[in-house]
Every structure is written in structure tokens, then in C-alpha cells.
1. Scan region A:29-40 and give yes if some residue there is under 30 Å from B:I7 (Cβ atoms), modelled with pLDDT under 95 and away from every other protein chain (no Cβ under 12 Å), otherwise no.
2. Checking B:K69 against (1) of a type outside the set (A, V, I, L, M, F, W, C); (2) at negative phi; (3) surrounded by 15 or more Cβ atoms within 10 Å (Cβ to Cβ), which test does it fail?
3. Restricting attention to region B:37-59, which residues are surrounded by 13 or more Cβ atoms within 10 Å (Cβ to Cβ) and within 11 Å of another protein chain (Cβ to nearest Cβ)?
4. Could you list all residues from region B:7-34 that are without any contact (Cβ under 8 Å) to a residue 60 or more places away in the chain and within 14 Å of chain A (Cβ to nearest Cβ)?
5. Could you list, in sequence order, all residues of region A:71-92 that are hydrophobic (A, V, I, L, M, F, W, C), more than 12 Å from chain B (Cβ to nearest Cβ) and within 13 Å of A:L33 (Cβ to Cβ)?
6. Given the conditions (1) more than 17 Å from B:V4 (Cα to Cα); (2) in a loop (DSSP other than H, G, I, E, B), and given that B:T62 satisfies all but one, which numbered condition is not satisfied?
7. Between A:E26, A:E59, A:E22, which is of a type in the set (D, E, K, R) and closer than 22 Å to B:C89 by Cβ?
8. If you go through region A:1-10 one residue at a time, how many are of a type in the set (A, V, I, L, M, F, W, C), surrounded by fewer than 16 Cβ atoms within 10 Å (Cβ to Cβ) and not in a loop (DSSP other than H, G, I, E, B)?
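The values are calculated or read from the model by the stated rules, or taken from the named source; none is laboratory data. All of these numbers come straight from a predicted model, not from anything done at the bench. With ideal geometry, Cβ positions are generated from the backbone for all residues, glycine too; neighbour counts draw on all protein chains shown.
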Amino acid sequence: SQTIHQWPATLVQPVGSPLSLECTVEGTSNPNLYWYRQAAGRGLQLLFYSVGIGQISSEVPQNLSASRPQDRQFILSSKKLLLSDSGFYLCAWNWRQDNSPLHFGNGTRLTVT
Amino acid sequence: GQQVMQIPQYQHVQEGEDFTTYCNSSTTLSNIQWYKQRPGGHPVFLIQLVKSGEVKKQKRLTFQFGEAKKNSSLHITATQTTDVGTYFCAVTSSNTGKLIFGQGTTLQVKP
């Protein structure tokens with residue numbers, strides 16, 4: 001069966017510090033990978049998605065970047081965090097077929113102070 | 001771009017009452033998915049509807065896809081405290097092929 005791991009679970013970082021969140025998927029190959037952000041009490045905003053190694057698409061301009069160095073590894077980064085980067089970050093994967101449901105990791109709750 | 005409106009934003013019910021959340025789109029949808037997110041948790045896939053007028057049931061949950069494939073609903077019969085959470089609909093963007101989520105309906109159930 002497939003599993004998705006995301007860490008850390010919580011993170012408190014000062015403004016201006018760097019960020020690296022990691023997500024890995026097990027039990028499948030060639031998945032689509034996604035990073036979503038959820039502000040408190042709000043919906044899910046798609047930040048990045050990837051259909052393969054080194055292939056990253058950005059949905060919104062922002063202070064963040066993503067990389068996919070391996071087939072089942074997806075990394076979300078920032079060089080300098082802003083207060084507005086606080087939120088709940090969710091990694092997700094799905095099969096490479098139309099309408100495949102998303103499977104989410106447990107999320108990282110980031111607080112920028 | 002593709003958008004989906006989900007209402008209501010919040011709903012407080014007494015345990016045992018019914019609950020319904022609605023998703024509406026201005027364009028015809030190829031499919032719609034529903035997810036549930038428990039407080040502090042991550043969204044979990046519930047179901048996908050594809051056919052016009054489709055109705056699917058999961059125990060006390062009933063999912064409907066409109067005849068015109070522009071709207072959908074999730075109905076919970078006789079809510080329980082375990083139903084607490086935020087329910088999201090999600091549709092496939094005709095532009096990008098990626099899932100776009102509604103804003104969600106947060107359900108609170110008073111015991």
C-alpha cells in the first residue's frame with residue numbers, strides 16, 4: 001500500500017529564517033506531487049505541483065519554491081520566511097490519471113514569529 | 001478560471017439533526033470529489049461523482065451530482081459528534097487539469 005510522510009509536524013521559525021519541508025511517498029512510482037497551504041479556518045490553496053523529477057509548476061507567485069530531486073521526494077523551501085508564510089502546509093500525491101483522488105500527508109503547522 | 005462555490009461556510013447542529021453542504025459551479029463539471037478534514041487533521045478523500053444525476057451513499061452520508069453536472073451536495077442524516085470537521089468539494093480545473101477546492105463547510109455538532 002502507499003504511504004506519504006511529511007515532516008516536521010510543527011515548526012516555529014523567526015522572520016527571515018530559511019525553511020525546508022520534506023515529503024516522501026512510498027509504495028508507488030511516478031506519482032503527481034503537490035504542496036498546498038491552508039490558512040487558519042480557510043480553504044486549500046495549491047502552491048506547487050510536479051509531474052516528474054525536476055518538473056515543478058507554480059500556481060501562485062510567492063516567497064516559496066519547490067523541488068523534486070527524486071521521484072518520490074518533494075521539498076518546499078524558502079530562503080527568508082515572512083510572517084504571511086504562517087499556515088498549515090500539506091503535501092499530497094495522486095496517480096497519473098484523470099480525476100485520481102488526492103492523498104494528503106499529515107501536514108506541517110508553520111508559525112513564523 | 002474555474003471556481004466552485006461552497007455553502008454554507010459554517011453549520012452548527014444538534015446531534016441527531018441532519019446536515020447538508022452544497023457546491024455550485026458556473027460551468028459543467030467532469031467530476032466532483034468530496035473530502036473531510038477533522039480538526040487538526042488532513043483532508044481525507046470520501047468519494048467521487050462522475051455521472052449526471054449520480055447518487056452515492058456511505059452509511060449516513062449521501063452524495064448527489066446534479067443533472068446538469070454544475071452542482072453537488074453532501075447530506076448527513078442524524079449527525080453524530082464524529083461527523084465534526086470541514087467538508088470540502090473539489091473539481092478538476094478545465095484549464096490546468098488540477099483539483100480546485102471549495103472553501104469548505106465546517107460542521108459543529110452539539111451533543
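1. No, because not a single residue in region A:29-40 is under 30 Å from B:I7 (Cβ atoms), modelled with pLDDT under 95 and away from every other protein chain (no Cβ under 12 Å).
2. The one condition B:K69 does not meet is (2).
3. Across region B:37-59, the qualifying residues are B:Q37, B:G41, B:H42, B:P43, B:V44, B:F45, B:L46, B:I47, B:Q48, B:L49, B:V50.
4. B:I32, B:W34, listed by residue number.
5. Listed by number, the residues that qualify are A:F74, A:I75, A:L76.
6. If we test B:T62 against (1) more than 17 Å from B:V4 (Cα to Cα); (2) in a loop (DSSP other than H, G, I, E, B), just (2) comes out false.
7. So the residue among A:E26, A:E59, A:E22 that is of a type in the set (D, E, K, R) and closer than 22 Å to B:C89 by Cβ is A:E59.
8. Pass one, region A:1-10, residues of a type in the set (A, V, I, L, M, F, W, C): A:4, A:7, A:9.
Retained after the next criterion (residues that are surrounded by fewer than 16 Cβ atoms within 10 Å (Cβ to Cβ)): A:7, A:9.
Add one more test, that the residue is not in a loop (DSSP other than H, G, I, E, B), and what stays is A:7.
Here the count works out to 1.
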